[in-house]
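Engineer: Please see the structure below; I have some questions.
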Amino acid sequence: MLNCKEFFDLLHENKIDFFSGVPDSLLKFFNSYILDNVDQNQHIITANEGNAIALASGYYLATRKIGLVYMQNSGLGNAINPLVSLSDKEVYGIPVLLLIGWRGEPNEKDEPQHQKQGKITLELLETLDIPYEILTKDIEDTKIKLLSAIKYMNKFNAPFALVVKKGTFEKYEQINESQQNYELSREKAINLIIDNLDEQDVVVSTTGMISRELFESRTQKNQKHETDFLTVGSMGHASQIALGIAISNPKKQVFCLDGDGSVIMHMGSLGIIGSKQLKNFKHIILNNESHDSVGGQPTVGNIINFVSLAKSCKYKNSFKVLTEIELNKKMLKLKSDDGPILLEIMVNRGNRKDLGRPTKTPKENMNLFMNFLSK
């Protein structure tokens, strides 16, 4: 496998020492190495992939040096606008080295939300007129491909992509990982939330571990899954899905189970939610200050005051809890008080090693959910 240090040193030898992006599970070992070995002003985990392109572009404008932007291939959607209207050689012509995790690679088993993106990843890069190389596990081959990328970027002042398959990077254990000591795990918090809901309450859950733990919690409690919409992809958009449902179903309480990374990715959504003043919209953020589903890399969820932010966006009320007792009390208020209302729950990152995945396909989940809403 490709050694993280050797790859990092190769980048440095070629004067690439600025990093930005959104973490990906296929890149998590390299992401961890960067976290341990790069100054915080030279490595910034951004809110979304488009921000990362803009950040690297600003760095280039100030230094004339190429930055590296990492992302999962699903993040190309967020990155397209600045790639074609900012860095493209027909506009400003700003070189950026893209490091893209190839989830859903054809003929490789992966989750349903990655399959279509995996099929079109290379075609999308070609449509964007971004040349690419697929990294192998051989450092000498990687060196040749990196030099080719740098030669292209310097000649044409345009982006170049390095595509990373599953299992490319050698395992690396992060050293400087921040410690947490909250009372609640995310799974425990989800169990408590469910225990406080009625049979007619609607739940929309964000992508990653939250949807997986919600599905498993329902299964363990012998409850039906028809009241839940599991947003297995579309990071950052669960709250707007929930808003669309709440607008159309004013007699049902709609609970959005969100994560800190998801909210941060498209934080302007809070203002839209606040502007609609829907009494039945209940927003819950499970904040573990990390991108837990892709490796536990930190978010800025530790410095954002979501409670104050929600109030400034015209939510009727907002609360923050750290304990089981507080959570149960505030869930009663969430159910009894008019929305939009927000509850932030501080939880530890991490999950059970034997945590399962939804056994229903996205379409099966959707059909059950739509039938429930129509009752």
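The values are calculated or read from the model by the stated rules, or taken from the named source; none is laboratory data. It should be emphasised that the depicted structure is a prediction, and the values quoted were computed from it without experimental measurement. Backbone-built Cβ (ideal geometry, glycine too); neighbour counts: all protein chains shown. Side chains are part of the model used for accessible areas, which takes the heavy atoms of the whole protein and leaves out ligands, DNA and RNA. Shrake-Rupley method; radii C 1.70, N 1.55, O 1.52, S 1.80 Å.
Engineer: Restricting the search to the stretch 85-104, which residues are open to solvent by 30 Å² or more (accessible area, probe 1.4 Å) and more than 17 Å from the chain's Cα centre (by Cα)? Please lay out each step first, then the result.
Structural biologist: If we filter the stretch 85-104 for residues that are open to solvent by 30 Å² or more (accessible area, probe 1.4 Å), which is where we start, we get 85-86, 89-92, 103.
If the condition is that a residue be open to solvent by 30 Å² or more (accessible area, probe 1.4 Å) and more than 17 Å from the chain's Cα centre (by Cα), then Ser85, Leu86, Lys89, Glu90, Val91, Tyr92 are the ones that fit.
Engineer: For the stretch 66-84, name all the residues that are open to solvent by 30 Å² or more (accessible area, probe 1.4 Å) and touching a helix residue (DSSP H, G or I) at 6+ places or on another chain (Cβ under 7 Å).
Structural biologist: Here is the first cut: in the stretch 66-84, the ones open to solvent by 30 Å² or more (accessible area, probe 1.4 Å) are 74, 77-78, 80-81, 84.
Correct list: Ser74, Asn78, Asn81.
Engineer: Can you tell me which of Ile144, Ile175 is touching a residue at least 40 places away in the same chain (Cβ under 8 Å) and loosely packed, with under 14 Cβ neighbours inside 10 Å? Outline the logic, then answer.
Structural biologist: Working: Ile144 fails: touching a residue at least 40 places away in the same chain (Cβ under 8 Å).
Checking each option against the conditions leaves just Ile175.
Engineer: Under 6 Å by Cβ, and 6 or more places apart or on different chains, what pairs join a residue from the stretch 3-31 that is of a type in the set (S, T, N, Q) with one that is modelled with pLDDT of 95 or more and part of a helix (DSSP H, G or I)?
Structural biologist: Asn14/Ile150; Ser20/Ala52; Ser20/Leu55; Ser20/Ala56
Engineer: Do you know which of the residues in the stretch 11-30 that are part of a helix (DSSP H, G or I) and not hydrophobic (A, V, I, L, M, F, W, C) is farthest from Leu99 (Cα to Cα)? Show your work before the answer.
Structural biologist: Step one: list which residues in the stretch 11-30 are part of a helix (DSSP H, G or I), which gives 11-13, 25-30.
From what's left, not hydrophobic (A, V, I, L, M, F, W, C): 12-13, 25, 28.
Values: His12: 15, Glu13: 17, Ser25: 13, Lys28: 12 Å.
Restricting to residues being part of a helix (DSSP H, G or I) and not hydrophobic (A, V, I, L, M, F, W, C), the top hit is Glu13.
Engineer: If you check Thr121, Thr127, which single one turns out to be modelled with pLDDT of 95 or more, under 23 Å from the mean Cα position of the chain (by Cα) and of a type outside the set (A, V, I, L, M, F, W, C)?
Structural biologist: Working: Thr127 fails: under 23 Å from the mean Cα position of the chain (by Cα).
Exactly one of Thr121, Thr127 is modelled with pLDDT of 95 or more, under 23 Å from the mean Cα position of the chain (by Cα) and of a type outside the set (A, V, I, L, M, F, W, C), namely Thr121.
Engineer: What about Phe29, is it hydrophobic (A, V, I, L, M, F, W, C) and either open to solvent by less than 40 Å² (accessible area, probe 1.4 Å) or under 20 Å from His266 (Cα atoms) (or both)? Talk me through it step by step, then tell me what you get.
Structural biologist: Values: hydrophobic (A, V, I, L, M, F, W, C): yes; either open to solvent by less than 40 Å² (accessible area, probe 1.4 Å) or under 20 Å from His266 (Cα atoms) (or both): no.
Considered against the rule, which asks whether it is hydrophobic (A, V, I, L, M, F, W, C) and either open to solvent by less than 40 Å² (accessible area, probe 1.4 Å) or under 20 Å from His266 (Cα atoms) (or both), Phe29 comes out as no.
Engineer: Residues that are in contact (Cβ under 8 Å) with a residue 40 or more places away in the chain and open to solvent by less than 20 Å² (accessible area, probe 1.4 Å): which helices (runs of 4 or more DSSP H) entirely in the stretch 263-375 hold 3 or more of them?
Structural biologist: Details: elements: 269-276, 306-312, 324-336, 362-373.
Those helices (runs of 4 or more DSSP H) span 269-276, 324-336, 362-373.
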